[in-house]
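Report on one structure; see the data block that follows.
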Amino acid sequence: MTMSDSQPDAGPPAADSRAATDASLDALLSALAPRPCRTLVAYLAENDGSHVMADLAAALTDEETPDLRARARLHHTYLPKLADGGLVTYDPQTGIVEPTDRQRIAAVRSTLRAFAAADHPTSLDTLLELLSASPRRRAFRVLLDHDALGLPDLADEVAVRGRGRPLPEIDPDAVLDVYLSLYHTHVPKLTDAGRALDEPVRELCELDGE
């Protein structure tokens, strides 16, 4: 990791666009991590039009999750997550749920079904949660491109990809922040996942066209 005197790190407009894309994909993958949210995505993909709480609760109701509990979780957890992920709009007053983009929902469901059908050593719940942070996704992509890479070099690559600029144009303090976040948070999580992070996981990183 290259260190020098700190310089202002005023990013170009493209960096703002990249940050917005990162935040969007973070929210989408976080929304899809709970299995009930993926059940709702499947329901929305198969059923046209607007939906009321009772219909969505029925899709989640089983012996372990009775109707009242399903409704409570929909209201407090699942629908807000799906709304944050850009998949639905939800009016708590009327209980009406509208898909924001049916083609996007269909594409998300198709990717999830293909991944679930493959033989992966780690659950889809775990992988989606793991990949719901943009620094981890970038680190994963870098590691796909290199057989072995030291942490300082990994931090450099993640910083470059995150800002879309050559390393000499990035404030060294910003690179140091990336290094510390990788060291304390993201690399341990990637290491725990081990070989579960193989090439097919790339599809999950690209659900939002990133």
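Some notes on this structure:
This table checks each residue for (1) under 22 Å from Leu82 (Cα atoms); (2) assigned to a helix (DSSP H, G or I); (3) modelled with pLDDT under 90; (4) not assigned by TED's automatic domain parsing to the domain that holds Leu182.
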position: Thr2; (1), (2), (3), (4): no, no, yes, yes
position: Gln7; (1), (2), (3), (4): no, no, yes, yes
position: Arg18; (1), (2), (3), (4): yes, yes, yes, yes
position: Asp26; (1), (2), (3), (4): yes, yes, yes, yes
position: Ala42; (1), (2), (3), (4): yes, yes, no, yes
position: Asp48; (1), (2), (3), (4): yes, no, yes, yes
position: Ala57; (1), (2), (3), (4): yes, yes, no, yes
position: Thr65; (1), (2), (3), (4): yes, no, yes, yes
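- Selected residue (only one of Gly162, Gly194 is at positive phi, at pLDDT below 95 and not aliphatic (A, V, I, L, M)): Gly194
- Of all residues in the stretch 132-139, none satisfies being more than 20 Å from Ser30 (Cβ to Cβ) and either in a loop (DSSP other than H, G, I, E, B) or modelled with pLDDT of 80 or more (or both).
- Test: residue in the stretch 68-83 that is assigned to a loop (DSSP other than H, G, I, E, B) and either surrounded by 15 or more Cβ atoms within 10 Å (Cβ to Cβ) or at pLDDT 90 or above (or both): no
- A single entry from Leu68, Leu79 fulfils the requirement of being more than 19 Å from Val187 (Cβ to Cβ), touching a strand residue (DSSP E or B) at 6+ places or on another chain (Cβ under 8 Å) and of a type outside the set (Ser, Thr, Tyr): Leu79.
- Scanning the stretch 140-180 for residues that are surrounded by fewer than 15 Cβ atoms within 10 Å (Cβ to Cβ) and in a loop (DSSP other than H, G, I, E, B) yields His146, Asp147, Ala148, Gly150, Gly164, Pro166.
The values are calculated or read from the model by the stated rules, or taken from the named source; none is laboratory data. Remember, predicted model here, so these are calculated numbers, not experimental data. Glycine also receives a Cβ, built like all others from the backbone with ideal geometry; neighbour counts cover every protein chain displayed.
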